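In what follows, a single structure is set out as structure tokens and then discussed.
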Amino acid sequence: MTPGSGLAKGLAVTLRTMTRRAVTQQYPEAQPSLPPRSRGVIGLFEENCTVCMLCARECPDWCIYIDSHKEAVPPAAPGGRERSRNVLDRFAIDFALCMYCGICVEVCPFDALFWSPEFEYAETDIRDLTHERDRLREWMWTVPEPPPPDDAAEEPKEVAAARRTAEKLAARQEGDA
Ligand code: SF4
Ligand code: SF4
């Protein structure tokens, strides 16, 4: 290698790079185009939560805080036994500890936790990264719709059950007419 050839090569690389289009996204002026199913923040669909505690138990960071109490429910039929149900008092996730593994979303048997791609919730006070249930619910409105099922996929059992009921009702109405 002759002296100066290294310099020439280096300059050639610089010139090539200078003429290429930049791929940097100028956030925050331009919003990044995130891939589907990005893990930004977790939303809580409280109505589905049965306070089973599975998410809190499985979370490797122990950053899900749940408080609840039991409430008596009157018997379904007269003379029946009184039942009890769990009532949620607190549900919070500390995103300062969360490592975005997604285990809580995966293990929830009642579809109460969802990923939202929202990521703009930086705070100057670390304590504000603990999102309580109201804030977790607000994230639900930013959860994208699930992709449509594959054409070859089996019909989901909930949809099949609803369709059968609708068909039965339609047949009954036709019979009455
Ligand atoms: S994503 Fe992982 S670390 Fe974060 S709350 Fe869920 S289980 Fe815990
Ligand atoms: S696993 Fe689901 S249903 Fe159970 S406590 Fe967590 S969010 Fe609620």
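For this structure, a couple of remarks:
- Residue count for the stretch 69-123, restricted to those that are more than 26 Å from PRO32 (Cα to Cα) and touching a His at 6+ places or on another chain (Cβ under 8 Å): 4
- Hits in the stretch 85-102 (condition: within 15 Å of ligand 1 (Cβ to nearest atom) and either assigned to a loop (DSSP other than H, G, I, E, B) or more than 23 Å from ILE126 (Cα to Cα) (or both)): PHE95, ALA96, LEU97, CYS98, MET99, TYR100, CYS101, GLY102
- Residue in the stretch 92-100 that is loosely packed, with under 15 Cβ neighbours inside 10 Å, within 16 Å of ligand 2 (Cβ to nearest atom), over 16 Å from MET140 (Cα atoms) and modelled with pLDDT of 95 or more present: no
Residue-wise test of (1) loosely packed, with under 10 Cβ neighbours inside 10 Å; (2) out of contact with any helix residue (DSSP H, G or I) (no Cβ under 9 Å at 6 or more places or on another chain).
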residue	(1), (2)
GLU29	yes, yes
PRO35	yes, yes
GLY40	no, no
LEU54	no, no
GLU58	no, no
TYR65	no, no
ALA72	yes, yes
ARG83	no, yes
VAL87	no, yes
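- The stretch 29-64, residues that are among the aliphatic types (A, V, I, L, M) and within 14 Å of ligand 1 (Cβ to nearest atom): VAL41, ILE42, LEU44, MET53, LEU54, ALA56, ILE64
- Flag for THR2 being assigned to a loop (DSSP other than H, G, I, E, B), free of Cβ contacts under 8 Å to residues at least 40 places away in the same chain and either within 15 Å of ligand 1 (Cβ to nearest atom) or of a type outside the set (A, V, I, L, M) (or both): yes
- With respect to being on the phi < 0 side of the Ramachandran plot and assigned to a loop (DSSP other than H, G, I, E, B), ARG81 fits the description.
The values are calculated or read from the model by the stated rules, or taken from the named source; none is laboratory data. Remember, predicted model here, so these are calculated numbers, not experimental data. Here Cβ is always computed from backbone atoms with ideal geometry, including for glycine, and neighbour counts include all displayed protein chains.
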